[in-house]
Amino acid sequence: ARRLFGNNRLWDNILLIMKINSLTLVALWIVPLVSGEEDSKMISLKIVQAPALSRFTPLQRKVLTPKMSPCNLNAPPHLLLLNGTCYKFKHDNYFYNLCPFHNVTQKEDTNRITGFHGIVGIWSDWIIENGTFTGMVYSKGERCGIVDRQAKVFFNCSTVANLTNITEPKTCHYEMIFHTPLACFKGAMQIFHLLSSEVMTKWETLEKEFYGGEWTLKGFNKKQLELLRQAQLAPPEVSKKTTDNVTRSPFAVHDTCQKEKDELLKEVTELRSEVARLRNLLVQEQNRTVSANTTINSTLPTLNTNTSTVNINS
């Protein structure tokens, strides 16, 4: 400033840079009074737009968009107290956030713009074992390669409600334990309190028949699932027609890819057979042509000899 205005000026010109936030810098000229005199020139305020380059700059919040709404299944009344609450846990540099009856989300603990922040799963089903609610299934999360993310949350009795023990048995398929005092009421965690008398009678009859050897395990589980759907404790069956109407990549599922591969190999085999048949026909035709030419060439000298003989005699 002294080099710019000279040492003989009465005023000391000081440039102060004040960082208001990560995007805006304000440059302000301040001219103090010296010897009681006032400056006759005032410098206006200048707003400078600067890019957010600092690693401390707060990243723009990502808006998470679920693929579907949470399921509308029956639930034990005491567990509905969890509705509207959320529980966070950090594991391997990721924050996991469980909101019972809604969703599970995952956020990478990083300042990088490319850090992952997305939905692991939406509440879609109960985990029921031996007639008892043991956990919740959260599915249809964000894509992870060729699969959707999903999570299974298992209940555990505890005096304090928190989320722990997050594991990943398969890529992007998570399992975690939710500790809550509400899981300590073993009787209240049984499904029978939510079954109608009709469904309850069918359930008891089914179990007697199964233990009597009248059902296979596969048939028993299928029949149980039907009863759970009647009690609205399991999501309704998705019809094949509805599944076919869903737009998806033809190779999104391994079974579909394998089917396409088998059909393609079948077509290749048929085409190879057709090419071989046509090649044989071509060889046969070439052999006929060669044979015909050989016959014609062998008869031509005889005809010429006979013609010469006739001319001489004449």
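The values are calculated or read from the model by the stated rules, or taken from the named source; none is laboratory data. Values in this document were obtained by computation on a predicted structure and should not be read as measured data. Cβ sites come from the backbone with ideal geometry, for glycine too, and all protein chains shown count toward neighbours. Accessible surface is based on the protein model in full, side chains and every heavy atom, while ligands, DNA and RNA are left aside. Shrake-Rupley method; radii C 1.70, N 1.55, O 1.52, S 1.80 Å.
If you filter the range 69-82 down to residues that are in a loop (DSSP other than H, G, I, E, B) and closer than 17 Å to Ala188 by Cα, you find that the one that is most open to solvent (accessible area, probe 1.4 Å) is Asn74.
When the range 89-103 is filtered for residues that are touching a residue at least 40 places away in the same chain (Cβ under 8 Å) and buried (at least 18 other Cβ atoms within 10 Å of the Cβ), the ones remaining, listed by number, are Tyr96, Leu98, Pro100. Residues in the range 130-164 that are β-branched (Val, Ile, Thr) and over 28 Å from Trp203 (Cβ atoms): Ile146, Val147, Thr159, Val160, Thr164.
The residue of the range 170-186 that is farthest from Asn103 (Cα to Cα), among those that are touching a strand residue (DSSP E or B) at 6+ places or on another chain (Cβ under 6 Å) and part of a strand (DSSP E or B), is His179.
When the criteria are applied in full, Gly115 meets the requirement of being assigned to a loop (DSSP other than H, G, I, E, B) and either surrounded by 13 or more Cβ atoms within 10 Å (Cβ to Cβ) or in contact with a strand residue (DSSP E or B) (Cβ under 9 Å, 6 or more places away or on another chain) (or both). Looking across Gln150, Gln106, one residue alone is of a type in the set (S, T, N, Q) and open to solvent by less than 10 Å² (accessible area, probe 1.4 Å). It is Gln106.
Against the definition (farther than 24 Å from Ser69 by Cβ, open to solvent by 40 Å² or more (accessible area, probe 1.4 Å) and under 16 Å from the mean Cα position of the chain (by Cα)), how does Lys170 come out, yes or no? Here the answer is yes, as Lys170 does meet what is asked.
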